[in-house]
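Presented below is the structure to which this report refers.
We did not get these values from a lab; they are worked out from the coordinates using the rules stated. Note that the structure is predicted; figures quoted are calculated from it, not measured. With ideal geometry, Cβ positions are generated from the backbone for all residues, glycine too; neighbour counts draw on all protein chains shown.
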Amino acid sequence: MRIYIIRHADPDYANRTITPEGHLEAKALSKRLASQGLDFIYSSPLGRAIHTAQYTARLLEMDYQIEDWTKEASLMIEEPSKGKISAWDLDGEIIRGEMPATTYENWFHQPPFDGPMFREYFDVLVKQSDRFLASHGYVREGRRYRIVETNQHQIALFCHGGFGLIWISHLLELPVPIVWSSFFLAPSSVTTILFDERSNQWATPRCIGLADVSHLYQAGLDVQPSGIKANFY
């Protein structure tokens, strides 16, 4: 099974949709996804994700399903020089310079991520992820997934930058703050997670492509910097 974790196209946050550039991105993305085929399409309930997914659904003549748990996370922190910011926008120089090193198991024990909302959100995400993957034949037991029904399904899930990085962190067992500060999911980018099966019993998620934007280059489109807070060129 392969899961394509797709950030929505260039966002128009004020109007809860995507920009004119975003529509071009979504169209280019739909052609890329149609060429490889999909078995299921899922989307966040937010407009910018739905409006991105609709291009692919129309081209493939498929229905898409809404997964409420994949909407963007509402995780805010107070940053002394900037006020309230999204948690994933905290400067990497703080995460990797002023905070102690964290693990997958303890990242929500360290300030500024030690408020109860972080642990509560992560626990819910893990539970919903388990439900979602079990519905496709992979049941988490401990740190791996029991194969109940092996398959070669290709699943596209249209979601958001912050959420996408948290889910990737969980699937790969990486500390969330390190993933937030070390990776960028560009608008309309595709991250591919393969459920790697070395036996007929167990599968482990493996990233075989992170934030791919080859469809933009093929269509002659620029990568939009939405989500980058400093230098981007």
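Toward the positive end of the charge dipole of the chain, about the Cα centre and with charges on Cβ (Lys, Arg +1; Asp, Glu -1), which of Ile94, Val139, Gly115 goes farthest?
With unit charges placed on the Cβ atoms, the residue in question is Val139.
Starting from the Cα of Lys27, draw a straight line to each of the aspartates and glutamates and keep only those under 13 Å, dropping any in the same chain fewer than 8 residues away.
Partners within reach: Asp10.
Order these peptides, 102-114, 181-193, by their mean beta-carbon neighbour count within 10 angstrom, highest first.
181-193, 102-114
Give me the compactness ratio for the chain, meaning the Cα radius of gyration over 2.2 N^0.38 Å.
1.00
Run the numbers for Glu105 and His153: contour at 0.36 nm per residue of separation, minus the present Cα-Cα distance, in nm.
This chain segment gains 14.3 nm when fully extended.
I'd like the distance separating the alpha-carbon centroids of segment 86-137 and segment 29-83, in whole Å.
21
Can you spot the lysines whose alpha carbon is less than 23 Å from Lys82's alpha carbon? Ignore those fewer than 8 places along the same chain.
The reachable lysines, counting only those whose Cα sits under 23 Å from Lys82, are Lys229.
Need one number: % antiparallel among DSSP beta bridges in the chain, to the nearest 5.
65
About the Cα centre, and with charges only on the beta carbon of Lys, Arg (+1) and Asp, Glu (-1), how big is the dipole of segment 123-233? Nearest 20 debye, please.
220
Rounded to the nearest 20 Debye, what is the dipole magnitude of the chain about its Cα centre when Lys and Arg each give +1 and Asp and Glu each give -1 at the C-beta?
I would put it at about 380 debye.
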